[in-house]
Amino acid sequence: MRAAYIHGIRDVRVGEAPEPEARADDIMLRVASVGICGSDLHYYLEGGIGLDRIREPYIPGHEVAARIAGEGAERWGFAPGQLVAVDPARPCGHCERCEEGYPNLCMHMVFHGAAPNAGAMSELFTAPRNAIFPVPEGITPSAVAMMEPLGVALHAIGLARIRLMENIAVLGCGPIGLCVIQLARLCGADRIYAIDPVPYRTRAAEELGADRTAASFEAVADWTGGQGVDLVIEATNDGSAYEEAGEIIRLGGRVILAGIPDGGRYTLESYQLRRKGATVKVVRRMGHVYPRCIRLVEKGLVDLDAIVSHRFELADAKAAFDRQAAREDGTHKVVICPNGLEP
């Protein structure tokens with residue numbers, strides 16, 4: 001089969017890969033659409049994330065929409081060709097963190113699409129039946145691929161514990177930030193302020209529910225009369241965003257960090273966060289959220305298709321990564337369709 005490999009910094013090549021084996025309760029899948037995530041870009045632009053480095057070429061891709069391709073999947077209630085969402089995480093289910101209900105913090109996690117574990121940017125992929133979630137008719141493969149970043153946003157919203165009529169600032173209007181804005185509106189937020197230096201991103205934020213937008217966080221102080229917001233949800237690749245969050249929360253405010261900073265470091269002047277008695281929480285992937293993500297899309301409560309801006313065939317994977325990395329020309333989410341373009 002054909003697959004895209006990241007070999008190193010700005011080095012993506014399409015080549016041959018052995019077909020995966022469907023073992024035990026695994027099901028063979030034909031990949032319909034796979035998104036390029038911000039974490040994929042860290043591997044592409046920096047050669048890794050933190051201590052996780054590219055040691056040898058690997059197949060990325062953890063935002064996965066696929067169709068059932070394996071024989072015998074009917075015995076588990078799947079139909080041939082059925083469109084499904086695929087959770088890339090494989091928690092052990094037995095460690096202390098898993099048993100406490102935090103599978104996203106599993107002590108023995110295997111996460112497909114994070115080096116060195118092969119992801120789904122290939123024609124075929126396998127997953128255990130408990131990681132596969134059927135989606136209703138009418139939902140596009142592109143939207144299904146976006147359910148993984150929606151899941152991260154949903155986990156961030158859960159950590160935030162939004163109260164009715166709170167004022168919120170979202171730093172970063174990439175795909176996760178745009179999902180956060182929609183979810184915050186559903187949770188009853190009052191004013192939602194969205195900050196991003198890229199104009200087309202702030203326009204999208206306004207279309208998806210933000211009340212006011214700006215290129216810089218300083219605008220929040222003006223909008224709130226210097227009082228700050230109740231909650232900041234950070235979803236950027238900017239190492240200064242942690243410090244900026246401290247500048248714009250109110251006394252006793254809350255900060256949720258969902259982004260991964262370039263270079264793996266935040267800059268931090270501690271004065272504001274300490275003086276304001278801030279509560280800070282960090283998002284680590286997500287838990288068991290796919291069923292809720294599917295219902296949100298099915299009921300029309302979030303719009304994921306609006307975030308998918310470009311689609312590429314597998315042969316053009318390098319061009320897809322370059323477009324996602326450039327963040328220009330209206331690029332929000334780029335997806336790759338390994339078996340031919342789908343919506």
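The values are calculated or read from the model by the stated rules, or taken from the named source; none is laboratory data. Quick caveat: nothing in here was measured; it's all calculated off a predicted structure. All Cβ positions, glycine included, derive from the backbone under ideal geometry; neighbour counts span all protein chains shown.
Descriptive notes on the structure:
- Residues that are out of contact with any Ser or Thr (no Cβ under 6 Å at 6 or more places or on another chain), in a helix (DSSP H, G or I) and farther than 12 Å from Gln82 by Cβ within the stretch 120-150 comprise Arg129, Asn130, Ala131, Ala143, Met147, Glu148, Pro149, Leu150, listed in sequence order.
- Only one of Pro60, Pro88, Pro80, Pro20 that is of a type outside the set (Ser, Thr, Tyr) and free of Cβ contacts under 8 Å to residues at least 40 places away in the same chain: Pro80
- Each residue in the stretch 154-173 was checked for being small (Gly, Ala, Ser) and either surrounded by fewer than 24 Cβ atoms within 10 Å (Cβ to Cβ) or in contact with a Leu (Cβ under 6 Å, 6 or more places away or on another chain) (or both), and 2 of them qualify.
- Total residues in the stretch 192-207, condition out of contact with any strand residue (DSSP E or B) (no Cβ under 7 Å at 6 or more places or on another chain) and either more than 13 Å from Ile307 (Cα to Cα) or of a type in the set (Ser, Thr, Tyr) (or both): 5
- Single residue of Asp52, Asp11, Asp40, Asp87 found to be in contact with a Pro (Cβ under 7 Å, 6 or more places away or on another chain) and at negative phi: Asp40
- Considering the stretch 57-79, and only residues there that are assigned to a loop (DSSP other than H, G, I, E, B) and under 23 Å from Val335 (Cα atoms), the residue that is nearest to the chain's Cα centre (by Cα) turns out to be His62.
- Failed criterion for Asn130 (all others in (1) modelled with pLDDT of 95 or more; (2) more than 12 Å from the chain's Cα centre (by Cα) hold): (1)
- In the stretch 298-335, the qualifying residues are those that are under 15 Å from the mean Cα position of the chain (by Cα), part of a strand (DSSP E or B) and among the hydrophobic types (A, V, I, L, M, F, W, C), and the one that is farthest from Leu41 (Cα to Cα) is Val308.
- Elements of type strands (runs of 3 or more DSSP E) contained in the stretch 181-272, each with 1 or more residues being basic (Lys, Arg): 212-214, 249-257
- Filter result for Phe133 (surrounded by fewer than 23 Cβ atoms within 10 Å (Cβ to Cβ) and either in contact with a Phe, Trp or Tyr (Cβ under 6 Å, 6 or more places away or on another chain) or free of Cβ contacts under 8 Å to residues at least 40 places away in the same chain (or both)): yes
- In this structure, Gly225 does satisfy being on the phi > 0 side of the Ramachandran plot, in the same structural domain as Arg265 (by TED's automatic domain parsing), out of contact with any His (no Cβ under 9 Å at 6 or more places or on another chain) and without any contact (Cβ under 8 Å) to a residue 24 or more places away in the chain.
- The stretch 171-191, residues that are farther than 24 Å from His310 by Cβ and either not hydrophobic (A, V, I, L, M, F, W, C) or not assigned by TED's automatic domain parsing to the domain that holds Asp222 (or both): Arg185, Gly188, Asp190, Arg191
A quick yes/no check of all residues on (1) buried (at least 17 other Cβ atoms within 10 Å of the Cβ); (2) farther than 30 Å from Gly138 by Cβ; (3) among the small types (Gly, Ala, Ser):
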residue: Val12; (1), (2), (3): yes, yes, no
residue: Glu71; (1), (2), (3): no, no, no
residue: Gly81; (1), (2), (3): no, no, yes
residue: Val86; (1), (2), (3): yes, no, no
residue: Glu99; (1), (2), (3): no, yes, no
residue: Pro103; (1), (2), (3): yes, no, no
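- Remark: Arg185 falls outside the filter, which requires a residue to be in contact with a helix residue (DSSP H, G or I) (Cβ under 7 Å, 6 or more places away or on another chain) and among the basic types (Lys, Arg).
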